[in-house]
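Presented below is the structure to which this report refers.
The values are calculated or read from the model by the stated rules, or taken from the named source; none is laboratory data. All values derive from a computational prediction rather than experimental measurement. With ideal geometry, Cβ positions are generated from the backbone for all residues, glycine too; neighbour counts draw on all protein chains shown. Surface areas here come from the heavy atoms of the whole protein model, side chains and all, with no ligands, DNA or RNA. Shrake-Rupley method; radii C 1.70, N 1.55, O 1.52, S 1.80 Å.
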Amino acid sequence: KPTITNGETQSVCFGQSIALSATAAAGTTISWYDSPTAITPLSTTGSYTTPALTASTTYYVSTSRIAGCESDQRLPVTINVIEPIVPVVSTTGTTICSAGATQATTLSVVNPVLGTTYSWYDAQTGGTLLTTGSTYTPTVPTGISTFYVEASIGTCKSTRTQVNVTSTPVPGPATILTQSVSIISGQNATLTASTTEPGVSLDWYDAASGGTKLLANSNTFTTPILTASKTYYVESVNLAGGC
């Protein structure tokens, strides 16, 4: 019976080959096969290098006396192919609003796999390792920042997933041109506001937060007929990111 170097079960990364080797007693030769009944050996030396493997595969090795008598049982050698799952990153945290020059956000791998290491980089290949873990909390400037995350099991690595973070600045408050209006009961009123920020629109509401949006993208708002005092609210919105 041959002795398999590195054991009867071995591992290799997806798309790579592996060199198998075995030793046997003096006066015998070693043969490698791709099935337990194959007639033609893959190799008749103590070693055999597999082709690039994309699925787990079993090879078989046997010994023969110089006279040509082969052992009646071939020993299986199973090669497990390891392919880390390419990480999928949640869209939560990839589109954010920034109240200043920079803003923190959190990126997360969806359904992280136990036993897998997740590494975050600043480049598609090579680059700088930023952190490891299934989540990453970078602080980004306004605009688009790009990160890459890969999954690894031991020395086996997936391709990197690109993650873009778009940070949009929060606009300043609107300038209220009509702060207060007095009307007779049964009339309506026209309220006016403005903004000088490019790409910013004004929306009108009936509450300081939440509430109902009464009118979008307008510098003026005409109330319905009123029979009691009423307060309205205007909000600036950056159209590029909804901030």
Next on the checklist: Which count do you get for residues in region 107-123 that are surrounded by 13 or more Cβ atoms within 10 Å (Cβ to Cβ) and part of a loop (DSSP other than H, G, I, E, B)?
Outcome noted: 4
Checklist entry - Which of the following residues is over 34 Å from the mean Cα position of the chain (by Cα), among the β-branched types (Val, Ile, Thr) and open to solvent by 50 Å² or more (accessible area, probe 1.4 Å): Ile85, Ile39? => result Ile39
Checklist entry - Which one is farthest from Thr3 (Cα to Cα), of the residues in region 56-70 that are touching a residue at least 24 places away in the same chain (Cβ under 8 Å) and open to solvent by 30 Å² or more (accessible area, probe 1.4 Å)? => result Ser56
Item to check | Selected residue (only one of Gly100, Gly93 is open to solvent by less than 40 Å² (accessible area, probe 1.4 Å) and either in contact (Cβ under 8 Å) with a residue 60 or more places away in the chain or not in a loop (DSSP other than H, G, I, E, B) (or both)) | outcome: Gly93
Item to check | Filtered residues of region 168-208 (kept if over 36 Å from the mean Cα position of the chain (by Cα), under 30 Å from Ser145 (Cα atoms) and surrounded by 11 or more Cβ atoms within 10 Å (Cβ to Cβ)) | outcome: Ala174, Thr195
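To keep it simple, each residue is scored yes or no on (1) under 30 Å from Thr116 (Cβ atoms); (2) in a strand (DSSP E or B).
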| residue | (1), (2) |
| --- | --- |
| Ser11 | yes, yes |
| Ala22 | no, yes |
| Ser31 | no, yes |
| Pro36 | no, no |
| Thr58 | yes, yes |
| Gln73 | no, no |
Checklist entry - From the list Pro41, Pro51, which residue is out of contact with any Phe, Trp or Tyr (no Cβ under 9 Å at 6 or more places or on another chain), within 19 Å of Ala19 (Cβ to Cβ) and either part of a loop (DSSP other than H, G, I, E, B) or modelled with pLDDT under 95 (or both)? => result Pro51
Checklist entry - Is at least one residue of region 71-81 acidic (Asp, Glu), more than 42 Å from the chain's Cα centre (by Cα) and loosely packed, with under 12 Cβ neighbours inside 10 Å? => result yes
Checklist entry - Of all strands (runs of 3 or more DSSP E) completely enclosed by region 133-225, which ones contain at least 1 residues that are without any contact (Cβ under 8 Å) to a residue 24 or more places away in the chain and among the small types (Gly, Ala, Ser)? => result 143-153
